[in-house]
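*Asks:* Handing you this structure, nothing more for now.
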Ligand SMILES: Nc1nc2c(ncn2[C@@H]2O[C@H](COP(=O)(O)OP(=O)(O)OP(=O)(O)O)[C@@H](O)[C@H]2O)c(=O)[nH]1
Ligand SMILES: [Mg+2]
C-alpha cells in the first residue's frame, strides 16, 4: 500500500527531526509530507536540510500561519493528486506515537477510516484536568450534536483511504482551526461505516508551546451548532 504520512508544523523545530526519523523507522519507504507555515523558529530550514539526504521527505511551505485545518486539506489533496492509496495524519509534537503507525497501516487494509482513540478501552490521555475537561466536552458535542458514532472525534491521528477522500466534498468543510477535526469526521461518516478506532496513549507535548486558545474553543462550539443544524436539515430532506 502506497501511504503518505502528513504532518502540519508550526514552530516544531525541536521535534521535527526526530519525528521524521521515527516515522521512517516504523513505516519504512513511505512518503512523509510536511506542511510548514513559515514557522518563525526555523522548522522549515530543519526540514530543508533533512530533505538533502532523505528521498522520502517532501515539504509544502506556506507563507504564514494559515491554520491546521487548511494544512490537512492540503495533505488530502496531495494524497489524491499523487495517487497514494492512503493518507495518515499526525501531530508533530509526539502526542501521537510513531510506533502506532504500523497499526494504522494494517487497519487501512480493512477500513476506510482509522482513528487513534484515547477514549476507548485501552486508550489513555496524559492531559491535566482542564484540557481533559475541554476534550471531553468537545467529544461529547461531536457525538451528540454532529452525530459522529465514535468515542474519539478530536484527535488528528488518523488514517484515510484515498478512495474515501475522493468522495468527500472538501470545499464543504468550512472550519479551519481545531474544529476542522470534528467537521472532517462529520463528512467522513456520511460516506462510509467502515470506521476503526484503536486505543492510543496520548502524551501531552514535551517540547514547544501549545497553540490552543479561547477563540478556537468558541469557534469549535459554533461549528458544532452549525453541524447540528445541517444534520437536522439532512434528516428532514
Ligand atoms: N502548518 C500549520 N501547522 C499547525 C498550525 N497550528 C498548529 N499546527 C500544528 O498542528 C499540530 C497540532 O497542534 P498543537 O499545537 O500540538 O495542538 P494541540 O495538540 O491541540 O495542543 P498542544 O499540544 O497543547 O500545543 C502540531 O504539529 C502543530 O505544529 C498552523 O496554523 N499551521
Ligand atoms: Mg499537540
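Read-outs: derived from the displayed coordinates by stated rules, not from any lab. What you see is a predicted model; the values in this text were computed from it and never measured. Cβ: placed from backbone, ideal geometry, glycine included. Neighbour counts: every protein chain shown.
*Asks:* Can you give the Rg and Dmax of segment 3-236 based on its C-alpha atoms, in angstrom?
*Replies:* Expressed in Å, the Cα Rg and Dmax of segment 3-236 come to 16.8, 56.
*Asks:* Counting other C-beta atoms within 10 Å, which of 161, 18, 231 has the fewest, and how do the rest follow?
*Replies:* Arranged by neighbour count, lowest to highest, 161, 18, 231 become 18, 231, 161.
*Asks:* Roughly how many whole Å is it from the C-alpha centroid of segment 172-237 to that of segment 90-156?
*Replies:* 11
*Asks:* Moving on. With each run of n ≥ 4 DSSP H residues scored as -39500 (n - 2.57), what mean residue ellipticity at 222 nm is computed for the chain after dividing by its residue count and rounding to the nearest 500 deg cm²/dmol?
*Replies:* When only DSSP H runs of four or more count, the value is -12500 deg cm²/dmol.
*Asks:* For a Förster distance of 30 Å, can you work out the FRET efficiency between the beta-carbons of residue 77 and residue 151, rounded to the nearest 0.05?
*Replies:* Computed FRET efficiency for residue 77 and residue 151: 0.55.
*Asks:* Take the alpha carbon gyration tensor of segment 78-157, find the square roots of its eigenvalues, order them as a ≥ b ≥ c, and report rounded if a/c is under 1.5; if not, report prolate when a/b exceeds b/c, else oblate.
*Replies:* Since a/c reaches 1.5 and a/b is larger than b/c, the shape of segment 78-157 is classed as prolate.
*Asks:* Next question, about the same structure. Rounded to the nearest 0.05, what FRET efficiency do residue 38 and residue 163 have when you use their Cβ-Cβ distance and R0 = 45 Å?
*Replies:* Efficiency for this residue pair is about 0.85.
*Asks:* When the label point is put 7 Å from the Cα of residue 99 along its Cα-to-beta-carbon vector, which residues of segment 13-51 have a backbone N closer than 18 Å?
*Replies:* Inside the label zone: 18-28.
*Asks:* Let me ask something else. With a 10 Å Cβ neighbour count serving as the proxy for reagent exposure, in which order, fewest first, do 87, 164, 224 appear?
*Replies:* Going from least to most buried by this count: 164, 224, 87.
*Asks:* Need one number: % antiparallel among DSSP beta bridges in segment 3-236, to the nearest 5.
*Replies:* Percent antiparallel among DSSP bridges in segment 3-236 is about 25.
*Asks:* Which of 60, 134, 115 moves the most in a Gaussian network model of the chain with Cα springs under 10 Å?
*Replies:* Ranking 60, 134, 115 by mean-square fluctuation puts 134 first.
*Asks:* Could you tell me whether segment 112-234 comes out rounded, prolate or oblate from its Cα gyration tensor? Rule is a ≥ b ≥ c as square roots of the eigenvalues, rounded for a/c under 1.5, then prolate if a/b exceeds b/c, otherwise oblate.
*Replies:* It is oblate, given that a/c is not under 1.5 and a/b is not larger than b/c.
*Asks:* Ok, one more. Looking only at 167, 136, 214, which one moves most when the chain is put into a Gaussian network model with springs between Cα atoms under 10 Å?
*Replies:* Among 167, 136, 214, the largest GNM mean-square fluctuation belongs to 214.
*Asks:* Which residue fluctuates most in the GNM of the chain (Cα springs below 10 Å): 142, 156, 221?
*Replies:* 221
*Asks:* So for 17, 152, fewest C-beta neighbours within 10 Å to most, what's the order?
*Replies:* Ordered by Cβ neighbours within 10 Å, fewest first: 17, 152.
*Asks:* Helix 16-26 against the longest principal axis of the chain: what's the angle in degrees, Cα atoms only, rounded to the nearest 10?
*Replies:* It works out to around 80 degrees.
*Asks:* Continuing with this model, one more query. Which residues among segment 63-106 fall inside the zone where the amide N is under 14 Å from a point 7 Å beyond the Cα of residue 22, along Cα→Cβ?
*Replies:* 90-102
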